[in-house]
Amino acid sequence: MQQGPADDDLAAAAPADGDDRARPPVPAHRGGLPPRPRGGGAAHGGTPTAPRAPAPRPASERGGLPGRAAPVHLRRSTPRSTAAPSGAPPAAVVRTRGRTVTVDAARRFAERARERRRAALKPVLLALAALVVVGAVAWVLLWSPLLVVRDVAVLGLQRLDPAQVAAVVDPARDVPLARVDTGDLEDRLEALPLVQSAVVGPVWPSGLEVRVVERVPVAAVASPDGGFDVVDRTGTTVQTSPEPPADVPVIDVDVTTAGPDTVQAVTRVLDELPVALREQVAAAGGASRDGVVLRLREGAQVVWGGADQTPLKAEVLTALLQRPAALYDVSAPRAPVVRAG
């Protein structure tokens, strides 16, 4: 069926799709030609007229009510899509303990749980490592053959027999150095008569050092059983001898009449004498603690007096010995007396 010009005009006047406002119909012209303007216009000799402005459409035609503004139609916004970006695989969903989580969240939760377990195990592992280190060190020090005693050095021996020291120290050989009881060794060494004190110390990695201080014999005392007991300044017997020793003087004191104080005074005087002077003394005695008398090996006699001012008396006597005499009295050291034989 063919459409005429009137049908084209009606189609042009129809509202477009999506336009909610109603438009007034455009009247069709007969013959398909627009109406001729009134007044003739310039083509018909009339006065040209200005085009007339279109009249406003009533509110009813605009879709509103009379006296009210036309409603504003808002376009409904499309809800934001939560789908994954184009090209990305959709996130898997896992249901755990009544909750629905994605695989990525489950991985994060699992990683955090592993981190917490590692943090809890770290102190335990450190403690175990410390125990292993301590155990290894203890084994090396206490049971390993690497640090056993192999060498023993003994210092300070003069009169003491080295075999006596070896008998005390040798049991410590081949014993781990950390397990050697140095205090027990010191006590056993100091039990020897000639030892005044002893110090035993480790020399790492496999040695012991023994330092001995011997007692100094200062006199010999006749023993009730026969022979002579060599004593130090404290009266401790250092050794015994069947004959009077040549290097120490013999104490000749009647203890029953003079008393033990006299023996102590004589011993003190002999101990404080210089070594060179003491070697010239053959015997020492006295009737009291203030009446100590010395007998020199050359036969001269020395009146010493008490045990006080011994260093000054020894200095004066050393000077007086330059003059041979039978008697030297230094009991008053600032006024000595010398008597010829």
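For region 120-176, a residue qualifies if it is basic (Lys, Arg) and more than 30 Å from Pro245 (Cα to Cα), and the qualifying residues are Lys122, Arg150, Arg173. Only residues that are part of a loop (DSSP other than H, G, I, E, B) and among the aliphatic types (A, V, I, L, M) were counted in region 187-203, giving 3.
Please work out if Asp184 is at pLDDT 85 or above and either in contact with a strand residue (DSSP E or B) (Cβ under 6 Å, 6 or more places away or on another chain) or not in a helix (DSSP H, G or I) (or both). When the stated conditions are applied, Asp184 does not pass them. Of the residues making up region 223-258, just one is touching a Lys or Arg at 6+ places or on another chain (Cβ under 9 Å), within 20 Å of Val293 (Cβ to Cβ) and among the acidic types (Asp, Glu), namely Asp252.
Screening region 161-184 for residues that are over 14 Å from Gly201 (Cβ atoms) and among the hydrophobic types (A, V, I, L, M, F, W, C) and picking the one that is surrounded by the fewest Cβ atoms within 10 Å (Cβ to Cβ) gives Ala163. For the criterion of being among the acidic types (Asp, Glu) and assigned by TED's automatic domain parsing to the domain that holds Asp184, Glu209 passes. For the criterion of being of a type outside the set (A, V, I, L, M) and free of Cβ contacts under 8 Å to residues at least 40 places away in the same chain, Gly207 fails. If a residue must be within 60 Å of the chain's Cα centre (by Cα) and surrounded by 12 or more Cβ atoms within 10 Å (Cβ to Cβ), how many such residues does region 235-260 contain? Of the residues in region 235-260, 10 are within 60 Å of the chain's Cα centre (by Cα) and surrounded by 12 or more Cβ atoms within 10 Å (Cβ to Cβ).
Of the conditions (1) of a type outside the set (A, V, I, L, M); (2) modelled with pLDDT under 90; (3) within 60 Å of the chain's Cα centre (by Cα), Pro274 satisfies every one except a single condition; which number is it? Unmet condition: (2). One residue stands out in region 119-158 among those that are charged (D, E, K, R) and more than 28 Å from the chain's Cα centre (by Cα): the one that is surrounded by the fewest Cβ atoms within 10 Å (Cβ to Cβ), namely Asp151.
The single condition among (1) modelled with pLDDT of 90 or more; (2) over 30 Å from Glu214 (Cα atoms); (3) of a type outside the set (D, E, K, R) that Val137 does not meet is (1). Pro205 falls short on exactly one of the conditions (1) within 26 Å of Asp271 (Cα to Cα); (2) surrounded by fewer than 14 Cβ atoms within 10 Å (Cβ to Cβ); (3) touching a helix residue (DSSP H, G or I) at 6+ places or on another chain (Cβ under 6 Å), and that condition is (1).
The values are calculated or read from the model by the stated rules, or taken from the named source; none is laboratory data. Computed from a predicted model, the values in this text were never measured in an experiment. All Cβ positions, glycine included, derive from the backbone under ideal geometry; neighbour counts span all protein chains shown.
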